[in-house]
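Below is one structure, written out as structure tokens, with a few remarks after it.
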Amino acid sequence: MHISAECYPVAKAGGLGDVVGALPKYQLEAGHIAKVLMPMYRTPYLYNHEWEVVHQGYTNMGSRWFNFTIIKEKSNELGFDLYLMDIHQLLDREKIYGYSDDTERFVAFQIAALDWVSSWRHSPSVIHVHDHHTGLIPFMLRECYKYRNISHIPVVFTIHNAEYQGIMGWDKSYYLPEYNTWNWGKLDWNNAINALAAGVKSADRVTTVSPSYLQQLKWQSNGLESLFEMETGKCFGILNGIDKNVWNPETDRYLEHTFKPEEAEAGKLKNKYSLCDDFGLDYDKPMIVFIGRLVGEKGAEILPDMIRDCFEYIGRKMNFLILGSGMPEIEHRLNSLKELARNDYNVYIGYNEQLSHRMYAGADFLLMPSRVEPCGLNQMYAMRYGTMPMVRRTGGLKDTVTDFGEAGGYGICFNDVSVGDASHAVWRAVELYRNKEKMKECRDRMMQLDFGWERSAEEYLKLYQQIN
Ligand code: ADP
Ligand code: GLC
């Protein structure tokens, strides 16, 4: 039973949605029953599908009593059982995050989730929760008297991103159902309730979405370093996979021109032409794209200066196309760069699933100067579509991309989040692009890599078995 704030295609803000939308499918294929519970946001998916009510409950978060409803998608379109939870005035919103009462929204969601599970006749064999929005579940399951009948269920907690920790003051501790106060310390980190830390302390197993990220958390995790050091025995790094049915250049329904790996060169070119037409770019130059949240974590703030520097010092030998949204200041600076464009720069501010697919397919290079990247899915999507990743060596990027200068390599790697290092990577990309043979060799190599979920799904199952 997965419990998560996001699940593609119902609601997705980033990679968490992709993972929770894909992993259960592969668990199902391996012969297990996988279910997903998430909040019922008001997204198009909700209105385009038919639902049946499977449970109604009444519960409380401190002094606030509320009704909740669980609905299930009727046609089982995704393969696994998909449940949405509605809580009036808390979860009935269009967006996933970004409201001033997000703390209350997700605490209420977690309480109602456990209320529901505790009413089942046969409990799930594992509860698998994801990120801080569901990080209080392992604690509540073990320590709240109300959930005594299900406190034996093993819990796995997966950390997709430790930058966000779900911190709330102790003044809100009354939100939680009555718990064994001797164990209050399991909720606490630095004199506050910290959902991420509580999840790590209380879960039976903790996973991070790549092995390198797990190591990194021990020396860089926004204050939780010593926690990861102490809990190292139950922590495992399992690399994410990608959903090969959704991300397949041969069948991708978002593409005008689908292509087989053996026809990648011609297929990609058609997609590039169409992107260049739409964004006023020059086909003859290598196209370097960035897709992602425009935040410091992704190194997005270096993009404007890097692009300026590249144009000035390398020359106007490449196109840049950027898709993303995030910090208003970065959005503004990227927008103002358009004045400089001479058929070689454009930006789309916003979230656009279709455009992202077209860019993975049509670009020559995908740049990821991430400061922190627990796994990163973009580089894997890019490689599946024959687009060379240009990545900073960190977290999952380090675990999935080998520089073309090394034996068997196929990508471009650099060490620092700096204008200098990223511009140097751009220069290498421009030079490499002139060598068609080498480009083809790298492309063939990366398109043969298998980033499917099978292996990782198997690792999760082994972990579930350890605690059952
Ligand atoms: P994170 O979850 O940290 O944002 P990931 O690399 O794991 O990073 O996943 C990002 C996912 O979100 C990818 O599927 C990527 O294509 C998608 N994405 C990010 N920003 C946008 C955007 N502006 N429009 C469309 N898709 C986006
Ligand atoms: C997070 C991370 C990203 C990872 C994704 C899915 O959002 O930032 O690196 O790929 O989760 O696990």
Original post:
Could you say which residue among LYS285, LYS268 is among the charged types (D, E, K, R), outside any loop (DSSP other than H, G, I, E, B), assigned by TED's automatic domain parsing to the domain that holds PRO369 and closer than 25 Å to ARG392 by Cβ?
Top reply: LYS268
Original post:
Which condition number in (1) modelled with pLDDT under 95; (2) touching a Gly at 6+ places or on another chain (Cβ under 7 Å) is the one that PRO369 fails?
Top reply: (1)
Original post:
Which of the residues spanning the range 226-267 are among the aromatic types (Phe, Trp, Tyr) and closer than 30 Å to GLU437 by Cβ?
Top reply: TRP247, PHE259
Original post:
Is the range 422-433 home to any residue that is in contact with a helix residue (DSSP H, G or I) (Cβ under 8 Å, 6 or more places away or on another chain), touching a residue at least 40 places away in the same chain (Cβ under 8 Å), assigned to a loop (DSSP other than H, G, I, E, B) and away from ligand 1 (no atom under 14 Å from the Cβ)?
Top reply: no
**OP:** Would you be able to say whether some residue in the range 220-232 is within 16 Å of ligand 2 (Cβ to nearest atom), assigned to a helix (DSSP H, G or I) and closer than 30 Å to LEU28 by Cα?
**Re:** no
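For the range 13-35, what are the residues that are surrounded by fewer than 20 Cβ atoms within 10 Å (Cβ to Cβ) and within 14 Å of ligand 2 (Cβ to nearest atom)?
Step one: of the range 13-35, the residues surrounded by fewer than 20 Cβ atoms within 10 Å (Cβ to Cβ) are 13-14, 25, 28-33, 35.
Within the range 13-35, ALA13, GLY14 meet the criteria.
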Subject >> Residue pairs meeting the criteria (Cβ under 6 Å; at least 6 apart or on separate chains; first in contact (Cβ under 8 Å) with a residue 60 or more places away in the chain, in the range 311-322; second in a helix (DSSP H, G or I)) >> reply: ILE314/TRP427; LYS317/VAL430; MET318/VAL430
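Each row is one residue, and each column tells you yes or no for (1) buried (at least 24 other Cβ atoms within 10 Å of the Cβ); (2) within 14 Å of ligand 2 (Cβ to nearest atom); (3) farther than 28 Å from PRO9 by Cβ; (4) β-branched (Val, Ile, Thr).
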| site | (1), (2), (3), (4) |
| --- | --- |
| LYS317 | no, no, yes, no |
| ASN346 | no, no, no, no |
| GLY350 | no, no, no, no |
| ARG371 | no, yes, yes, no |
| ASP403 | no, no, yes, no |
| GLY408 | no, no, yes, no |
Original post:
Of the residues in the range 199-217, how many are small (Gly, Ala, Ser) and more than 20 Å from TYR464 (Cα to Cα)?
Top reply: 1
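Tally the residues that are among the basic types (Lys, Arg) and touching a helix residue (DSSP H, G or I) at 6+ places or on another chain (Cβ under 8 Å), restricting the search to the range 296-347.
Keep residues of the range 296-347 that are among the basic types (Lys, Arg), which gives 298, 308, 316-317, 333, 338, 342.
Narrowing further to those that are touching a helix residue (DSSP H, G or I) at 6+ places or on another chain (Cβ under 8 Å): 308, 317, 333.
Matching residues across the range 296-347 total 3.
Filter the range 36-93 down to the residues that are of a type in the set (D, E, K, R), assigned to a strand (DSSP E or B), surrounded by fewer than 14 Cβ atoms within 10 Å (Cβ to Cβ) and touching a strand residue (DSSP E or B) at 6+ places or on another chain (Cβ under 7 Å) and list them by number. Talk me through it step by step, then tell me what you get.
Keep residues of the range 36-93 that are of a type in the set (D, E, K, R), which gives 42, 50, 52, 64, 72-74, 77, 81, 86, 92-93.
Within this subset, residues satisfying the condition of being assigned to a strand (DSSP E or B) are 52, 64, 72-73, 81, 86.
Still in the running and surrounded by fewer than 14 Cβ atoms within 10 Å (Cβ to Cβ): 52, 64.
Residue satisfying the conditions is GLU52 alone.
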Original post:
Which one of these does GLY166 not meet: (1) away from ligand 2 (no atom under 16 Å from the Cβ); (2) surrounded by 14 or more Cβ atoms within 10 Å (Cβ to Cβ); (3) small (Gly, Ala, Ser)?
Top reply: (1)
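From LYS201, LYS146, grab the single residue that is within 20 Å of PHE109 (Cα to Cα) and basic (Lys, Arg). I'd like the intermediate steps shown before the answer.
Numbers: LYS201 fails: within 20 Å of PHE109 (Cα to Cα).
After ruling out the rest, the residue left standing is LYS146.
The values are calculated or read from the model by the stated rules, or taken from the named source; none is laboratory data. Treat the numbers as computed from the prediction; the structure is a model and nothing was measured. As a convention, Cβ positions derive from the backbone with ideal geometry for all residues, glycine included, and neighbour counts pool all protein chains shown.
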